[in-house]
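S.K.: Shown below is the structure under consideration.
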There are 2 protein chains.
Amino acid sequence: MRLSRYFLPTLKEVPKEAEIASHRLMLRAGMIRQESAGIYSWLPLGYSVLKKIEIIVRREQDRAGFVEMLMPTIQPADLWRFSGRYDDYGKEMLRIQDRHQNEMLYGPTNEEMITNLFKATARSYRDVPKRLYHIQWKFRDELRPRFGVMRGREFLMKDAYSFDYDVAGARRSYYRQFIAYLRIFSSFGLKAIPMIADTGPIGGDLSHEFLVLANTGESSIFCDKALIGQSIPGDNIDYEREDLEELAKAWTGKYAATEEKHDPYQFESEVSPDHRLTARGIEVGHIFYFGSKYSEPMRAFLQTREKGQVPLQMGSYGIGISRLIGAIIEVFHDESGIIWPESVAPFHVGIINLKQGDTGVDSLCERLYAQCLSTGIEVLYDDTGERAGSKFKNMDLIGLPWQLIVGPNGLSSNLVEFKHRLTGAIELLSPESAINKLVHGR
Amino acid sequence: MRLSRYFLPTLKEVPKEAEIASHRLMLRAGMIRQESAGIYSWLPLGYSVLKKIEIIVRREQDRAGFVEMLMPTIQPADLWRFSGRYDDYGKEMLRIQDRHQNEMLYGPTNEEMITNLFKATARSYRDVPKRLYHIQWKFRDELRPRFGVMRGREFLMKDAYSFDYDVAGARRSYYRQFIAYLRIFSSFGLKAIPMIADTGPIGGDLSHEFLVLANTGESSIFCDKALIGQSIPGDNIDYEREDLEELAKAWTGKYAATEEKHDPYQFESEVSPDHRLTARGIEVGHIFYFGSKYSEPMRAFLQTREKGQVPLQMGSYGIGISRLIGAIIEVFHDESGIIWPESVAPFHVGIINLKQGDTGVDSLCERLYAQCLSTGIEVLYDDTGERAGSKFKNMDLIGLPWQLIVGPNGLSSNLVEFKHRLTGAIELLSPESAINKLVHGR
């Protein structure tokens, strides 16, 4: 992509309302723009990251045996009256009347709708297990939206739902997501720790939230340090055959709690002093096993061989996709800007033309740009007339993993600067070696 | 995908409220489910088609030089007061009050928001041309939603916007989309004809709608038959260099009009009798050049060298993505069900196991299934315990382009039935030749 054709309205001023790094950087880097309180447009750079996260989440949900579908944003209020949750959400629920005065709402989550949908199609224990997910915009009318996409009102969420006829099956579905979540967060280079959690308005009796370690996190966390280095199940994981609950014990068997659940006595008795970690964390995912909380009131029953009609055993599993971008930036940035992990970087390399209009520099840049495109390297070419200093600053700000800096000095000795955004290290390389490194040596 | 793990709640009964083929078939094939009037859940089969259409639209928008972003679904009402359109939409606009009694709405389109967003970043003629698009859910509170996804209330739309500083540039942007639209619709095997159109509530003075020929279409169309066979610009189209308005003349130079714009006298004088086509059509896309209709009232101006401050010259370009699925089905179906064009088929082949539980049949099916997966053929394997007749009916109903039918009779002579859904033709092939045909011979 040529920057001159792209739409990247970076900001020089730090907006006053932005209190945390990710919010400031997303605004400065031209990733998002606020349209009203807690409601954002995702500009091309931000949307590109959002899509990359979606792709990884989708890949891992598919791998874990969940099937994608899509529910609408607008739901009938009556659904929520059946479940008894219509009043639970209070003013956070955006309530709407349509032209016929039907009461509707903008879905903050989808347990009711999916239960209702599923019960219309399933009659017998043979119709389960089923596991579904969708990635859809949700709305929570926060009293004071803030922290940018970390606590917005309109936000993108992956929510998955599992349907089984007994507790054992439901637990197997639950631990599929437990393992899938570990894999998802580690794909972004995040260290996410699962912690026993309260179930809040979703309900149920088994729940973990996944917290990412970050100094600016909203929650205090207390855990066994060993959880940080724990190795994550690899691509060869077999969700059908392995005992996932057993596998999860490497995490669930060690102490980890947020402030609300923290028990100092247990912490000290279970965790040796040199293993006690106290830190800040950001919640990025939450999984729930809630059994028949929705299926009983909503009359979603299955016929079984031995027990007659039983209510569906359900779980739900959420990841805040838009929020996750904030969390990734909180972890990966420095004073110059964002430092994207390769897996979600909007482009892998930025080409900086230091002397736009100079025939030699222009033509080398064009050649490098064409080579990136033809070898499948995602590239942003700064072909604008801005001065060098401003190009450097912007490229650092938007945080692409690599930079190719092309100027008249290097050109005379056939060299370009190859810069690693994370370390700041710069190598002088021939254009060919630089491309080679991008293709093979990253 | 194994059908036993998929979620495909097909219906035997034709729902009463479904008046047209696409609506009936989408409900019967388990593609969608109505959640409230005109609001649908997209079940896995339907969602898979929706995603494939999105991918093709995205590819062609990128190729035409438009950059993807995403605007939110909820907009502030004030934006629409600035443009003067707040009242134009009447009751079709879903108006919402948030918890602080701010007036909001669920966006039916995005001209206001993008104009406002763009004007905050662009100052000079050097900041244009810019061309942006997004694919987002919209809402129009139709008085009587009907025809399934063809006239729903919550619907998925691709809308693009172009920004130029003069009319010549704006026309070039307009004809980029004109050509891109021809390419998009032809990717789905549709014959879409561009017709001069009224601009309606969007406004402006140059506009084409694209209509797909279908007997069940809502509009009468009158055109020169030559438009049907016109060859579409290929993948080598160069949107930067070619004179696209000139290229478009192959279409714009021939008579084509919907009922509202039809002039029988002109039709008869311009089109020879054997070239006159009168038919029915479904609108699938609409493009508008509206100049400064939004930029003037919203004060979106650019500094130019010669004319001082001038208002942005804009266009907008819509495709109803969810509606398009209805149109595709209206064109591609028979009395047994849907017949997907290969480009958007949810799977390319369905494997039918005629005797689930028979060791030989099961193991051949498993082998074919594994070969499809390893060669990248998207496959749905009916591994359920349903009887053969019901499996045949369902597979025809959901309309995958190819079927592999495996039963004990064929097995004894190492043959499977290879069925083409469109023609109904069945070949008896060895399993190896069948896979070979799927990989190479389609």
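The values are calculated or read from the model by the stated rules, or taken from the named source; none is laboratory data. Since this is a predicted model, take the numbers as computed values, not measurements. When we count neighbours, we look across all protein chains shown, and the Cβ atoms used for this are built from the backbone with ideal geometry, even at glycine.
S.K.: Is it the case, given these coordinates, that B:Pro72 is in contact (Cβ under 8 Å) with a residue 24 or more places away in the chain, under 28 Å from A:Glu92 (Cβ atoms) and either surrounded by 17 or more Cβ atoms within 10 Å (Cβ to Cβ) or not hydroxyl-bearing (Ser, Thr, Tyr) (or both)?
M.R.: Answer is yes for this residue.
S.K.: Just to be sure I understand, how many residues within segment A:112-130 are closer than 16 Å to A:Arg81 by Cβ and either in contact with a strand residue (DSSP E or B) (Cβ under 6 Å, 6 or more places away or on another chain) or facing chain B (nearest Cβ under 10 Å) (or both)?
M.R.: Residues meeting the conditions: 2.
S.K.: With respect to A:Leu25, is the statement that it is among the aliphatic types (A, V, I, L, M), assigned by TED's automatic domain parsing to the domain that holds A:Val284 and either closer than 30 Å to A:Phe347 by Cα or under 19 Å from the mean Cα position of the chain (by Cα) (or both) true? Outline the logic, then answer.
M.R.: Numbers: among the aliphatic types (A, V, I, L, M): yes; assigned by TED's automatic domain parsing to the domain that holds A:Val284: yes; either closer than 30 Å to A:Phe347 by Cα or under 19 Å from the mean Cα position of the chain (by Cα) (or both): yes.
Against the criterion (among the aliphatic types (A, V, I, L, M), assigned by TED's automatic domain parsing to the domain that holds A:Val284 and either closer than 30 Å to A:Phe347 by Cα or under 19 Å from the mean Cα position of the chain (by Cα) (or both)), A:Leu25 qualifies.
S.K.: Name every residue in segment B:133-186 that is aliphatic (A, V, I, L, M) and out of contact with any helix residue (DSSP H, G or I) (no Cβ under 9 Å at 6 or more places or on another chain), in order of residue number.
M.R.: Correct list: B:Val167, B:Ala168, B:Ala170.
S.K.: Condition first: farther than 30 Å from B:Tyr125 by Cβ, charged (D, E, K, R) and within 28 Å of the chain's Cα centre (by Cα). Now tell me which residues in segment B:267-302 satisfy that.
M.R.: Within segment B:267-302, B:Arg276, B:Arg280, B:Glu283 qualify.
S.K.: If you go through segment A:95-112 one residue at a time, do you hit one that is of a type in the set (A, V, I, L, M, F, W, C) and not in a strand (DSSP E or B)?
M.R.: First pass over segment A:95-112, keeping only residues of a type in the set (A, V, I, L, M, F, W, C): A:96, A:104-105.
Checking the rest, the ones that are also not in a strand (DSSP E or B) come to none.
No, segment A:95-112 contains no residue that is of a type in the set (A, V, I, L, M, F, W, C) and not in a strand (DSSP E or B).
S.K.: Also, I was wondering about something else. Quick check, is A:Leu428 at pLDDT 95 or above, over 15 Å from A:Pro341 (Cα atoms), within 29 Å of the chain's Cα centre (by Cα) and assigned to a strand (DSSP E or B)?
M.R.: When the stated conditions are applied, A:Leu428 does not pass them.
S.K.: Of all residues in segment B:372-391, count the ones that are assigned to a helix (DSSP H, G or I) and crowded, with 18+ Cβ neighbours inside 10 Å.
M.R.: 2
S.K.: Now, a different point. I'm checking my understanding of the structure. Among residues of segment B:394-425 that are touching a strand residue (DSSP E or B) at 6+ places or on another chain (Cβ under 6 Å) and outside any strand (DSSP E or B), which one is surrounded by the most Cβ atoms within 10 Å (Cβ to Cβ)?
M.R.: Out of the qualifying residues, it is B:Gly399.
S.K.: A follow-up question, please. Hey, could you check segment B:77-111 for residues that are touching a Lys or Arg at 6+ places or on another chain (Cβ under 7 Å) and more than 19 Å from A:Ile39 (Cβ to Cβ) and say which is nearest to the other protein chains (Cβ to nearest Cβ)?
M.R.: It comes out as B:Lys91.
S.K.: Which one is surrounded by the most Cβ atoms within 10 Å (Cβ to Cβ), of the residues in segment B:348-367 that are part of a loop (DSSP other than H, G, I, E, B) and touching a helix residue (DSSP H, G or I) at 6+ places or on another chain (Cβ under 8 Å)? Break it down stepwise before answering.
M.R.: As a first pass, look at segment B:348-367 and keep what is part of a loop (DSSP other than H, G, I, E, B): B:348, B:354-358.
From the residues that got through so far, the ones that are touching a helix residue (DSSP H, G or I) at 6+ places or on another chain (Cβ under 8 Å) too are B:348, B:354-356, B:358.
Details: B:His348: 18, B:Leu354: 20, B:Lys355: 16, B:Gln356: 17, B:Asp358: 16.
Filtering first and then ranking leaves B:Leu354.
S.K.: For segment A:327-379, enumerate the residues that are touching a Leu at 6+ places or on another chain (Cβ under 9 Å), among the β-branched types (Val, Ile, Thr) and farther than 16 Å from A:Met26 by Cβ.
M.R.: A:Val349, A:Ile351, A:Ile352, A:Val361, A:Thr375, A:Ile377, A:Val379
S.K.: If we scan segment A:167-179, do we find a residue that is within 14 Å of chain B (Cβ to nearest Cβ), surrounded by fewer than 24 Cβ atoms within 10 Å (Cβ to Cβ) and not aliphatic (A, V, I, L, M)?
M.R.: There is at least one residue in segment A:167-179 that is within 14 Å of chain B (Cβ to nearest Cβ), surrounded by fewer than 24 Cβ atoms within 10 Å (Cβ to Cβ) and not aliphatic (A, V, I, L, M).
S.K.: Scan segment B:1-52 residue by residue and report those that are crowded, with 19+ Cβ neighbours inside 10 Å, at the interface with chain A (Cβ under 10 Å from one of its Cβ atoms) and among the basic types (Lys, Arg).
M.R.: The answer is B:Arg33, and nothing else.
S.K.: State whether one or more residues within segment A:250-257 are out of contact with any Asp or Glu (no Cβ under 6 Å at 6 or more places or on another chain), closer than 29 Å to A:Arg131 by Cα, of a type outside the set (Val, Ile, Thr) and free of Cβ contacts under 8 Å to residues at least 40 places away in the same chain.
M.R.: Taking every residue of segment A:250-257 in turn, at least one turns out to be out of contact with any Asp or Glu (no Cβ under 6 Å at 6 or more places or on another chain), closer than 29 Å to A:Arg131 by Cα, of a type outside the set (Val, Ile, Thr) and free of Cβ contacts under 8 Å to residues at least 40 places away in the same chain.
S.K.: Also, quick follow-up: Kindly indicate the residue of segment B:293-341 that is closer than 13 Å to B:Asn116 by Cα and without any contact (Cβ under 8 Å) to a residue 40 or more places away in the chain and also surrounded by the fewest Cβ atoms within 10 Å (Cβ to Cβ) among those meeting that condition.
M.R.: Among residues in segment B:293-341 that are closer than 13 Å to B:Asn116 by Cα and without any contact (Cβ under 8 Å) to a residue 40 or more places away in the chain, the one surrounded by the fewest Cβ atoms within 10 Å (Cβ to Cβ) is B:Glu296.
S.K.: Could I ask something else about it? For segment B:409-442, how many residues meet the condition of being under 19 Å from B:Lys393 (Cβ atoms) and small (Gly, Ala, Ser)?
M.R.: Residues flagged as under 19 Å from B:Lys393 (Cβ atoms) and small (Gly, Ala, Ser) within segment B:409-442 amount to 2.
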